[in-house]
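Structure first, commentary second.
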Amino acid sequence: MQYRHNFDEVINRRGTDSGKWNMFPEELLPMWVADTDFACPEPILNALKKRIDHKILGYPIVLDSFGKAAQYWFSLRHHVDIDAEAAVYIPTILLGMLECLIAFTKEQDEILVFSPQYTAFFEAIENTDRVRVFSHLVEKNGRFEIDFADFEEKLAREKVKLFFLCNPHNPTGQVWSKEEVSKIAELCLKHHVLIVSDDIYSDYVYKPHVYTPVISVSEEAKENFVLLINPSKTFNISGLRAACALIHNEALRDTFKKSLRRRKTAEPSLLGVVAFESAYTECAWYADELLDYVEKNIDYALAFIQKKMPKIKVRKPEGTLLLWLDMRALFETQEEADKFMLEKAKVLLNSGNEYGMEGTCFFRMNIAVPRTILEEALTRIYAAYRECF
């Protein structure tokens, strides 16, 4: 069956237990949490309905079809061969990060992470009594780049046991090049540091950029790597709780699975697994249309900002569904910037300093929404900008 999706459709999410739309006052337009406002693709909804029509929703097991779905997707979308048996079900990527810390490190070990970076990495380290070590990204012409001298210096620290990568990078929208990924893998192998990578935005990469997972750069890197994926950002199924840890190293995989069993933290979600498998085997057409729609939203937003609010600097992201708005020309502190956005513009964005000191006076904006919602958000920000500046 040939499907087409209407990404312009606006669905009212108020009063539906939506964290994005119901956690803050209704006067604020939510453009923060990376949760799209698009309906799920029809094949996923059909698969869920079929499973519910069976009328029994008891304890499930994860079948081989789960790993084969991930294998199929990586071959189809990214032209990368993965082993189906490497796939381990986890409810969420955050739980996968926590489990990696517990399984592969011990309390007070040091965990290396870039800054700025998504806050969940920081929280996972703190919540497991590990110690954060930052390698600060360096801004060059609006792009945050890796300082490889600093990166290796931090990797060489005796207590650094694990490195958290985010590829594509949240919040800046960088897609690490093959050369960058290869260098990361090489240095981590050299210093015996395990790589754990959150690649949840791997379906959001804009040409000419290309997503390069660490598993694709060498057989050695493949053995020193845990890849965390989740179809939720692409297909808007976050509430169903089904993600995947890809671990090709059998010894690492066994250790990870033993940790999961011991703490009983990864009992499978029946409907989540159904949605996961449908997403990765039936919905490539949706991912294509989504990428095109979101990129057009990005281009619209950049043109609007550059024409009407030139003091706000923004670079086209190489990947993700996020804009990284630089408001340092307008504000000296994040508190001032937040007050402007919440009280004047009445648009809810993520404050940049949440992601590290380099994000001060930046905002993260989720633009995976119907165009009319994006237009309203930009119009609100422009009205406040015109009033204040």
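At-a-glance table
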quantity	calculated
Looking only at segment 178-218, and only at residues there that are within 17 Å of Ile111 (Cβ to Cβ) and in a loop (DSSP other than H, G, I, E, B), the one that is least open to solvent (accessible area, probe 1.4 Å)	Val193
Residues being loosely packed, with under 15 Cβ neighbours inside 10 Å and either touching a strand residue (DSSP E or B) at 6+ places or on another chain (Cβ under 6 Å) or within 24 Å of Tyr3 (Cα to Cα) (or both) - total across segment 286-309	3
Output for segment 23-40, where each listed residue is modelled with pLDDT of 95 or more, farther than 22 Å from Ala279 by Cα and surrounded by 13 or more Cβ atoms within 10 Å (Cβ to Cβ)	Leu28, Leu29, Pro30, Met31, Trp32
Some residue of segment 203-222 being over 30 Å from Lys313 (Cα atoms) and acidic (Asp, Glu)	yes
Residues located in segment 345-371, provided they are open to solvent by 10 Å² or more (accessible area, probe 1.4 Å) and among the β-branched types (Val, Ile, Thr)	Thr360
Residue that is open to solvent by 50 Å² or more (accessible area, probe 1.4 Å), more than 22 Å from Asp199 (Cα to Cα) and either at pLDDT below 95 or among the hydrophobic types (A, V, I, L, M, F, W, C) (or both), where the choices are Leu378, Leu374, Leu342, Leu330	Leu342
Residue tally, condition among the charged types (D, E, K, R) and not in a strand (DSSP E or B), over segment 122-177	12
The one condition in (1) more than 19 Å from the chain's Cα centre (by Cα); (2) buried (at least 18 other Cβ atoms within 10 Å of the Cβ) that Gly319 fails to fulfil	(1)
Complete set of residues in segment 1-22 that are open to solvent by less than 70 Å² (accessible area, probe 1.4 Å) and among the hydrophobic types (A, V, I, L, M, F, W, C)	Phe7, Trp21
Pair list, Cβ < 6 Å and 6+ apart or interchain, from segment 29-44 residues that are under 20 Å from Ala345 (Cα atoms) to residues that are assigned to a loop (DSSP other than H, G, I, E, B)	Met31/Leu349; Trp32/Leu349
Counted residues, segment 198-222 - those being touching a Leu at 6+ places or on another chain (Cβ under 8 Å) and free of Cβ contacts under 8 Å to residues at least 60 places away in the same chain	4
Number of the exception - Ile195 against (1) at pLDDT 95 or above; (2) out of contact with any Cys (no Cβ under 8 Å at 6 or more places or on another chain)	(2)
Cβ pairs under 8 Å, 6+ apart, first in segment 54-72 and farther than 12 Å from Glu85 by Cα, second buried (at least 16 other Cβ atoms within 10 Å of the Cβ) and aromatic (Phe, Trp, Tyr)	Tyr72/Tyr280
Residue in segment 137-176 that is nearest to Phe363 (Cα to Cα), counting only those that are among the polar types (S, T, N, Q) and surrounded by 14 or more Cβ atoms within 10 Å (Cβ to Cβ)	Thr172
Condition broken by Lys233, with the remaining ones in (1) within 10 Å of the chain's Cα centre (by Cα); (2) assigned to a loop (DSSP other than H, G, I, E, B); (3) of a type outside the set (Ser, Thr, Tyr) satisfied	(2)
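The values are calculated or read from the model by the stated rules, or taken from the named source; none is laboratory data. From a predicted model like this one, the values you see are computed outputs, not experimental measurements. Cβ coordinates were reconstructed from backbone atoms using ideal geometry, including for glycine residues, and neighbour counts include every protein chain displayed. Ligands, DNA and RNA are stripped out before the accessible areas are found, and what is left, the full protein with its side chains, is counted by its heavy atoms. Shrake-Rupley method; radii C 1.70, N 1.55, O 1.52, S 1.80 Å.
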